[in-house]
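Below: the structure, in structure tokens.
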Amino acid sequence: KSIFTIDLGRTRKDILNYFPQIAEVKVSRGFFDAINIVVIERQALAVWCGETCFLLDKEGIIFEEVLEIKSGLLLIKTESGLGKLGERVIEKELLSQVFEIKTQLEGNAGIPVKEAFLVSEERINLKTLEGWEIYFNLKGDLVWQITELKLVLEKQISPGQRDKLSYIDLRFSRVYYK
């Protein structure tokens, strides 16, 4: 067959549909008898778990099933546990908000985070490496919530008491902890 009869748009679409690990693909005709295909792979940002676990990219798209969770990747869980390869399971804005909170906690407050549970569009629970949880209101002022968290940890909860801590709830006008 001639390379001029190949539908480049259809070829591109087929590659993207068949290989969810591919973020972008460019298909073009080369000189005489060649077709050039340039592929850009998705990069794992986190692990999303529903009924099974998948690698998740920056766009909120799951692209590869994982059996073992790699260290260094944030584990994200959601209420809806169903997802298909190549499907968006978390909105990009919500995902960037989760990573902004994680960055602020780890960088400014010195609290390493290992897991995030998206309870709803308004609530996220973050589990720390120390085992206790932090409840955030995603519709509220996150900077203020992190400031309140730092103040509670400095003034009311000593580092020695953290192993007994169950949670800190920042969703209301007052901070609650157990």
Practice task
Name the residue, out of GLN145, GLN156, that is within 26 Å of the chain's Cα centre (by Cα) and polar (S, T, N, Q).
Solution key: GLN145
Fill in the blank from the handout: Pairing a residue in the range 2-26 that is touching a residue at least 40 places away in the same chain (Cβ under 8 Å) with any residue that is open to solvent by 50 Å² or more (accessible area, probe 1.4 Å) and part of a loop (DSSP other than H, G, I, E, B), where Cβ atoms lie under 6 Å and the two sit 6 or more apart in sequence or on different chains, gives PRO20/LEU85
Exercise for the section: Could you list all residues from the range 122-152 that are of a type in the set (A, V, I, L, M) and out of contact with any strand residue (DSSP E or B) (no Cβ under 8 Å at 6 or more places or on another chain)? Expected result: VAL143, ILE146, LEU151
Handout entry: Condition met for LYS58 (among the charged types (D, E, K, R), touching a Cys at 6+ places or on another chain (Cβ under 9 Å) and open to solvent by 40 Å² or more (accessible area, probe 1.4 Å))
Key = no
Exercise for the section: Tally the residues that are under 24 Å from PRO159 (Cα atoms) and among the hydrophobic types (A, V, I, L, M, F, W, C), restricting the search to the range 86-143. Expected result: 14
Completion exercise
Reported set for the range 121-178 where residues are of a type in the set (Val, Ile, Thr) and over 21 Å from LEU95 (Cβ atoms) is THR147, VAL152, ILE157, ILE168, VAL175
Practice task
Select from the range 130-154 the residues that are in contact with a helix residue (DSSP H, G or I) (Cβ under 6 Å, 6 or more places away or on another chain) and of a type in the set (D, E, K, R) and write down the one among them that is surrounded by the most Cβ atoms within 10 Å (Cβ to Cβ).
Solution key: LYS150
Practice task
Could you tell me which residue of the range 155-175 is least open to solvent (accessible area, probe 1.4 Å), considering only residues that are in contact (Cβ under 8 Å) with a residue 24 or more places away in the chain and among the β-branched types (Val, Ile, Thr)?
Solution key: ILE168
Completion exercise
When the range 71-85 is checked residue by residue, the ones that are open to solvent by 40 Å² or more (accessible area, probe 1.4 Å), over 16 Å from PRO112 (Cβ atoms) and not aliphatic (A, V, I, L, M) are LYS77, GLU79, SER80, LYS84
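Just to check your reading of the model, which residue among VAL39, VAL89, VAL98 is farther than 22 Å from ARG123 by Cα and β-branched (Val, Ile, Thr)?
VAL39
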Completion exercise
Heads up, the strands (runs of 3 or more DSSP E) in the range 91-153 (entirely inside) with at least 1 residues that are closer than 17 Å to SER173 by Cα are 123-128, 133-137
Exercise for the section: Check the range 90-102 and report whether any residue there is acidic (Asp, Glu) and in contact (Cβ under 8 Å) with a residue 40 or more places away in the chain. Expected result: yes
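Suppose we keep only residues that are polar (S, T, N, Q) and either open to solvent by 50 Å² or more (accessible area, probe 1.4 Å) or under 12 Å from VAL39 (Cα atoms) (or both) within the range 3-25. Which one would you say is nearest to the chain's Cα centre (by Cα)?
For the range 3-25, the residue satisfying everything is GLN21.
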Problem - Of all residues in the range 86-129 being surrounded by fewer than 16 Cβ atoms within 10 Å (Cβ to Cβ) and among the β-branched types (Val, Ile, Thr), the one that is farthest from LYS150 (Cα to Cα) - result: VAL119
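The values are calculated or read from the model by the stated rules, or taken from the named source; none is laboratory data. Computed from a predicted structure; not experimentally measured. So basically every Cβ, Gly included, is an ideal-geometry build from the backbone, and we count neighbours across all protein chains shown. Surface areas here come from the heavy atoms of the whole protein model, side chains and all, with no ligands, DNA or RNA. Shrake-Rupley method; radii C 1.70, N 1.55, O 1.52, S 1.80 Å.
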